[in-house]
Amino acid sequence: MCSIGEDDFGDEGGAHAMVAGSLPAGVVLNTGNCAKCGTSSSELYKLSFRTPECRACFLNYVRHKFRAALGAAKVLPRDAEVLLVLDGSAQSLVLLDMLHFAQTQNTFKRLHCNARVVYVYQTLQEGDPVDVESLQALSQQYEPFQFHVIELGAPPSSLCTIDKYFPTASKEINRLGSKLEKLRSLTARQDYLLQEHKSLIASVAQQLHCSHVFESSISVDLATQLLTMMALGRGGSAALDVDLLDYRMAGGVKLLRPLKDLNEQEVKFYVHAQRLKPLLKSRHRYGEERGETASLQNLTAAFVTNLQQNYASTVSTVFRTGDKIAPKTHPEQASCVRCQSALDSQLSDTLLAIEYSRSVSEAGVALYKNGEYLEGMAKKRLESRDGLCHACHRIQTELDSGI
């Protein structure tokens, strides 16, 4: 595999290929010469800060980003078992197509891994679901990849291949819906579903004996996720939310984001060049249809999108800043039993101050003059969270309250 530095390929394309041109960024359908190989082409692709290039040169450039992300970090062992998470969006199909292309190359260029695909049906989510026939057609197109299907909330044992899948309404799925009803805010519901989805993917990977999971998040997704996690009180592990490698999965499964350096424009051009047909118009999140201000996640996504329209370097700035954040953990640090992040009760002075303030408020007129006693009470509160981090503890408190 080849490797590249961070400065070679950024969010806006190749920095080394920046030119002062007046051509608009987009697909140019008229005939012209490729600025890279010089061949005449009836369809040129013009990325931001790059000269127009033919389809073959564009595909080589984008696929190089995918291979270089894995090759530079050397995080994927040879002949590793990989589980690709398919959600029907354009970027997930791009990842599937790139991985299939890398698997069909000759021995020298081939990406040596064994891949499987899983699609997670989210029956609680509003909107048009992906039909089984489309998934079956996709599995035939990308043979020999084996496609599996499972429903969010169902036990891992219900995992089956696409040809044997039939939608059901199990007790576990109904139980998940009941838990969501106990959560007062859409912010808590979306966060809880995200953790449930990650936990299910880890269980499926273990069941299929996969050591690595491929996720199709691109730069704008990771920039939004970074700000969202900080707003939700998960800032202690926010660096892992945008990193190529995320080891916070149960059973030692490692999560990889090989499309982290791709932007929306490159995804759209790749879909056009390969004539891919996304199963969904856009990546839809639970509760997104309720509006921008319905939850912190929706508001953050709208904030990043609107800011990116006026300031083109917004995503790149946030995303690259997240790359430079180092997680504040050590090997012996205990982890949250739900999200697998480092327990922040021993890392954050802010949480201690919050619990200290709560202890003072609850004491009221019987306030102790000994500050050390109140600080001890605050520390006991942090230690009595049953192995949960701050964000997961807040969700669990709402679930236990039953309000």
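The values are calculated or read from the model by the stated rules, or taken from the named source; none is laboratory data. Owing to the predicted nature of the structure, the values given are computational and were not obtained by experimental measurement. So basically every Cβ, Gly included, is an ideal-geometry build from the backbone, and we count neighbours across all protein chains shown. Surface accessibility is based on the protein's heavy atoms, side chains included, excluding ligands, DNA and RNA. Shrake-Rupley method; radii C 1.70, N 1.55, O 1.52, S 1.80 Å.
Details
- The simple spin-label model puts a point 7 Å past each Cα toward its Cβ; for His64 and Gln146 those points are separated by 3.6 nm.
- Cα gyration tensor shape for the stretch 166-257, rounded if a/c is under 1.5, else prolate or oblate: oblate
- Per residue value of the accessible surface for the stretch 136-227 (all protein chains in place, 1.4 Å probe), Å²: 44
- Computed with every protein chain present, the accessible area of His64 is close to 60 Å² [probe 1.4 Å].
- Surface share of carbon and sulfur [accessible, 1.4 angstrom probe, percent] for the stretch 62-198: 50
- Distance between the modelled labels on Asp79 and Asn106, one decimal in nanometres: 2.3 nm (7 Å Cα→Cβ projection).
- Solvent-accessible surface of protein heavy atoms, probed at 1.4 angstrom with all chains present, puts Arg50, Arg394 in the order Arg394, Arg50, largest first.
- Solvent exposure, largest accessible area first (probe 1.4 Å, DNA, RNA and ligands not counted), of Lys164, Lys198: Lys164, Lys198
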